[in-house]
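Visitor: The following block contains the structure, expressed as structure tokens.
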Amino acid sequence: MNMPIQPKGISQAPSKTELMFERLDSENRAAFIGYCPFGFPTMQESIDVFKTMVENGVDAVEIGLPYSDPVMDGPVIQAACDIAINNGETIKQVFNAVEAVANAGGTPLIMSYWNLIMHYGVSKFAQDFANAGGAGLITPDLIPDEAGEWIEASDRNGLDRIFLVSPDTTDSRLEIVSRDSRGFVYAASTMGVTGERATLSNSPEHLVERTRKAGASRVCVGIGVSTPEQAKTVAGYADGVIVGSALVKTLLQNDLRTVRQTNEALDQLAKTTAALAEGIRSGQK
């Protein structure tokens, strides 16, 4: 007689991202979340990139899964992702990067378009990600209404799920996202693709305020933050500052198509990361 398979329970493990925020609360500062695609400049060098970021002040590493048809990546990140794809990166290999970030003392996050996770297998991804020491997944093109399978899998494996909001998000949608997110809500500073911005408007600060009123306990701001001064300003009102293009750009030549020599690239990355970290640390929450 075949016995029915009992569903797995919900993990009682605490949110790794929330534990990070609690530690930073004691230091009265915002989190520095740094992004770079996995597999760029090469598979092995991307591990060195993530370690360099942590060693120079990044608290959580947003490990990007390169995708051939991105909807919100600007030219710098697109160029890096194209290089990673040509290097033959795969989702299975990314868990080595997750382990490396965790071992370096950082909080490992993954940013991925949903199609990649769906093809890998939602339950399998959640289990492999958790086993590697992962904290949470950022899904720019997945909304809570369509995330039932991921919500269940993340609950089973104790993973954070980070949904996005923008200045155009309605109050009712903010409530839904705030309710279903775990770890933090990603507040996109502006509509459009990623990339450096000469200035930031006051819209992200207003968005953070609205999102907190909608019920979110933690809100981090990304897209466009590229200088220590901007990072300091955002750190004054958000729980975390997310930087991507400004870090990825340090690894590319001025043509934004070819990669710098390894030592030069890592040196530039370390300097830029440290300067941004200092900006964030000087911001008053």
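Visitor: For segment 234-274, which whole percent of the accessible surface, found with a 1.4 angstrom probe, sits on carbon and sulfur atoms?
Guide: Working: 730 of 1680 Å².
Answer for segment 234-274: carbon and sulfur cover 43 percent of the accessible area.
Visitor: When only C-alpha pairs under 8 Å and at least 6 residues apart count, what is the relative contact order of the chain, in percent?
Guide: Rounded, it is 22 percent for the chain.
Visitor: Kyte-Doolittle mean at least -1.0 and Cα extent at least 18 Å along the axis: which DSSP H helices of the chain qualify? Working shown, then result.
Guide: Details: long enough: 43-55 (19 Å, 0.01); 91-104 (20 Å, 0.66); 262-282 (30 Å, -0.20).
Going by DSSP H runs, the hits are 43-55, 91-104, 262-282.
Visitor: Provide the percentage of antiparallel DSSP beta bridges, counting only those with both residues in the chain; round to the nearest 5. Spell out each step's value before the answer.
Guide: On the way: 2 of 30 bridges.
Beta bridges within the chain, antiparallel portion: roughly 5 percent.
Visitor: How large is the helix-only mean residue ellipticity at 222 nm for the chain, computed as the sum of -39500 (n - 2.57) over DSSP H runs with n ≥ 4, divided by its residue count, in deg cm²/dmol to the nearest 500? Walk me through the numbers before you get to the answer.
Guide: Values: 12 runs with 130 residues, N = 285.
Taking each H run of at least 4 residues, the total per residue is -13500 deg cm²/dmol.
Visitor: When you take every Cα atom in the chain, what is the radius of gyration, and what is Dmax, the widest Cα pair distance, in Å?
Guide: According to the Cα coordinates of the chain, Rg and Dmax are 17.9, 68 Å.
Visitor: Each label point is 7 Å from the Cα along the Cα-to-Cβ direction; what then is the distance between the points at Ser11 and Asn254, in nm?
Guide: 4.7
Visitor: Using the heavy atoms of the protein chains alone and a 1.4 angstrom probe, what is the accessible area of the chain per residue in square angstrom? If you can, show how the numbers build up before the last one.
Guide: Working: 12400 Å² over 285 residues.
That works out to 44 Å² for each residue.
Visitor: Follow-up. Under 20 Å from a point placed 7 Å out from the Cα of Ser68 along the Cα-to-Cβ direction: which residues of segment 86-101 have their backbone N that close?
Guide: 86-94
Visitor: Checking the table Lys124/Lys232; Lys16/Lys271; Lys16/Lys213; Lys16/Lys124; Lys92/Lys213; Lys51/Lys124 against a 31 Å threshold on Cα-Cα, which pairs fail?
Guide: Result: Lys124/Lys232; Lys92/Lys213 exceed 31 Å.
Visitor: Quick one: if you stick a label point 7 Å off each Cα along the C-beta vector at Glu22 and Gln127, how many nm between them?
Guide: The modelled label-to-label distance comes out at 2.9 nm.
Visitor: Could you tell me which of Phe40, Ile63, His119 has its Cα farthest along the dipole of segment 30-120 towards the positive end, charges placed at Cβ (Lys, Arg +1; Asp, Glu -1), taken about the Cα centre?
Guide: Looking along the dipole axis, the top candidate is His119.
The values are calculated or read from the model by the stated rules, or taken from the named source; none is laboratory data. Being a predicted model, the structure only gives us computed values, none of them experimental. Positions of Cβ are backbone-derived with ideal geometry, glycine not excepted, and every protein chain shown enters the neighbour counts. Each accessible area value is taken on the protein alone, full model and side chains, heavy atoms only, with ligands, DNA and RNA left out. Shrake-Rupley method; radii C 1.70, N 1.55, O 1.52, S 1.80 Å.
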